[in-house]
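The values are calculated or read from the model by the stated rules, or taken from the named source; none is laboratory data. Everything numeric in this text was worked out from a predicted model, so none of it was measured. Don't worry about glycine lacking a Cβ; one is built from the backbone with ideal geometry, like all the others, and counts go over all protein chains shown. Just so you know, the surface numbers come from the protein's heavy atoms only, side chains and all, with ligands and any DNA or RNA stripped out. Shrake-Rupley method; radii C 1.70, N 1.55, O 1.52, S 1.80 Å.
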Amino acid sequence: MTRSSYLAFGRPDFSTEEIEAVARIMRSGWVGMGPETVTFEKELAAFMAVPEVVSLNSCTSALFLSLLAVGVGPGDEVITPSLTWCATANAALYLGATPVFCDIDEETLCVGLDSVLKAVTPRTKAVVPVHYGGFAFDVRTLRALLPAHVAIVEDAAHALGGRYSDGTPVGSSGNLTCFSFYANKNLSTGEGGAIAVAAPATAERLRSLRQNGMPSNAWMRFTDPKIRGAGHIVELGYKANYIDLLAAIGRVQLKRQPEFAQRRLDIAREYARKLPSLPAQRGLLDDAHARHLYVVKLPSGPGSVPREDVLREMRARNFGAAVHYTPLHSMPFYHQQRPSLPVTDKVADAILTLPISASMSVADASDAADALRESARL
């Protein structure tokens with residue numbers, strides 16, 4: 001099976017409503033952070049069932065500011081999985097802390113609870129579990145077992161719309177929880193991110209940190225007569241704010257989440273139907289899974305096709321299969337640690353991400369499954 005045009009592994013679905021929303025903001029003359037961003041944050045908070053949401057320019061900034069807010073600094077250790085995007089670990093490095101890699105569970109591809117607990121030392125300041133692919137890791141059990149001084153910051157870049165095992169939305173655990181609105185995410189505004197926050201005082205500080213350490217944003221300074229001048233700096237901050245131009249897209253995308261979720265479920269069901277012999281990440285057909293990724297494990301051993309050859313042939317057939325991810329502990333930059341991560345090492349050369357997005361059709365998924373069966377000689 002070969003397509004005439006390329007099917008990306010994750011592509012945003014934008015309608016005329018998103019385009020009209022952008023035009024509305026452009027006509028208003030105010031495209032930076034302002035009332036649209038504030039409204040988007042409130043709507044996100046309601047969607048996640050949390051008191052506060054702080055929007056940012058990326059999930060990387062969300063992770064960085066969250067670790068800063070829980071007190072991570074030089075000499076501290078932050079436990080993260082190795083099977084993740086580099087930002088999860090780099091957020092700790094930005095603060096002078098050391099990322100300590102833990103192993104994963106083979107079925108969920110999320111952090112392994114025992115591996116996390118074994119990695120805790122007196123220097124451990126935080127754990128950053130990743131809700132890999134959209135599967136919600138059990139953060140409540142982790143919280144009950146961790147020392148009280150160790151914070152949990154959730155990397156939920158894949159998990160908007162997902163639910164914990166008790167049915168509550170990802171983000172509502174009480175931990176600082178970080179989301180991504182990158183181009184291929186379930187809710188896409190091209191770039192951007194957000195933090196779900198339980199404590200209003202923490203949200204207020206994060207809003208200051210994202211805006212150069214000022215207690216007010218540009219819209220407030222220009223429109224509130226009680227605020228004069230550029231405002232004063234209350235602490236060292238950063239330039240990491242979100243903008244109304246993107247928030248307008250996000251508000252439409254948020255309304256469309258039920259539509260997107262159903263499409264992703266239909267695609268996952270088609271993959272499961274056509275690839276019954278391939279092990280996939282646990283929970284992909286459950287309501288709680290956000291299905292940002294559809295990850296399968298290819299056969300290994302004599303007679304099997306190497307994963308890199310499968311990937312190369314899939315792309316030659318115009319199917320955007322991908323790998324999520326090359327483990328960080330295998331990269332030269334992170335060679336200062338050589339941890340024993342047997343499960344991560346085991347799955348590293350076997351996992352493959354099939355195309356899944358709300359912009360796809362079930363027929364696209366059927367074709368991708370056929371292409372994989374041919375490429376992997378299944």
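Once the 1.4 Å probe is applied to the protein heavy atoms, the chain comes out at 42 Å² accessible per residue. Between the amide H of E52 and those of V197, distances stay under 5 Å, these residues lying 5 or more places away or on another chain, with hydrogens modeled in the peptide plane. If the segment from A199 to S277 were pulled out straight at 0.36 nm per residue, it would be longer than the present Cα-Cα gap by 23.5 nm. Calculate how steeply helix 16-28 sits against the longest principal axis of the alpha-carbon atoms of the chain, using the helix alpha-carbon long axis, and give the answer as 0 to 90 degrees to the nearest 10. It is inclined by approximately 20 degrees.
In plain terms, the chain from R143 to A363 could stretch by 75.0 nm, reckoned as 0.36 nm per residue minus the Cα-Cα distance. For Y94 and S330, a Förster radius of 22 Å and the Cβ-Cβ distance give a FRET efficiency of 0.55, rounded to the nearest 0.05. For V127, the residues whose amide H sits under 5 Å from its own are I79, A151, I152, V153, ignoring neighbours fewer than 5 places away on the same chain, with H placed 1.01 Å from N.
Taking S66, S5 and ordering them by how much accessible surface each has at a 1.4 Å probe, largest first, produces S5, S66.
Angle of helix 362-375 to the longest C-alpha principal axis of the chain, folded into 0 to 90 degrees and rounded to 10: 50°. Amide H to amide H, with H built 1.01 Å from N, G190 comes under 5 Å of A183, counting only residues 5 or more places away or on other chains. Within the full protein context, the accessible area of W85 is estimated at about 150 Å² for a probe radius of 1.4 Å. In order along region 234-249, phi translates into HN-Hα couplings of 9, 6, 5, x, 9, 9, 9, 7, 8, 9, 4, 4, 7, 4, 4, 5 Hz, rounded to whole numbers, per the Karplus curve 6.51 cos²θ - 1.76 cosθ + 1.60 with θ = phi - 60° and x for Gly and Pro. The order of R291, R163, R269 by accessible area, most exposed first and with a 1.4 Å probe, is R269, R163, R291. Using the Cβ of S28 as centre and a radius below 15 Å, the other residues enclosed give a net charge of 0, where K and R count +1 and D and E count -1. Using a simple spin-label model with pseudo-atoms 7 Å out from Cα toward Cβ, S304 and V234 lie 5.4 nm apart. Cross-link reach is defined here as a Cα-Cα straight distance under 16 Å, omitting same-chain residues fewer than 8 places apart; for K255 the aspartates and glutamates meeting it are D13, E17, E18, E20, E36, E41, E43.
Computed 3J(HN,Hα) for region 180-193, one whole-Hz value per residue from the Karplus formula 6.51 cos²θ - 1.76 cosθ + 1.60 where θ = phi - 60°, is 10, 10, 4, 3, 9, 7, 4, 10, 10, 10, x, 9, x, x, glycine and proline marked x. Of (i) 17.8; (ii) 26.9; (iii) 19.3, which is the value of mean projected area of the Cα convex hull in nm² derived from the coordinates here? It is the value labelled (iii). Ligands, DNA and RNA excluded, the heavy atoms of H289 present near 10 Å² of accessible surface to a 1.4 Å solvent probe.
Treating r as the C-beta distance of D13 and S165 and R0 as 25 Å, the FRET efficiency rounds to 0.30. Within region 267-364, which chymotrypsin sites (Phe, Trp or Tyr not before Pro) sit in a loop by DSSP and count at most 12 neighbouring Cβ atoms inside 10 Å? In loop regions of region 267-364 (DSSP not H, G, I, E or B), there are no sparsely surrounded chymotrypsin sites (Phe, Trp or Tyr not before Pro). The angle between the Cα long axis of helix 307-316 and the main principal axis of the chain comes to about 80°, on a 0 to 90 degree scale. Computed from backbone phi with θ = phi - 60° and the Karplus coefficients 6.51, -1.76 and 1.60, the 3J(HN,Hα) list for region 46-61 is 5, 5, 8, 6, 10, x, 9, 10, 10, 8, 9, 6, 6, 6, 4, 4 Hz; x is used for glycine and proline.
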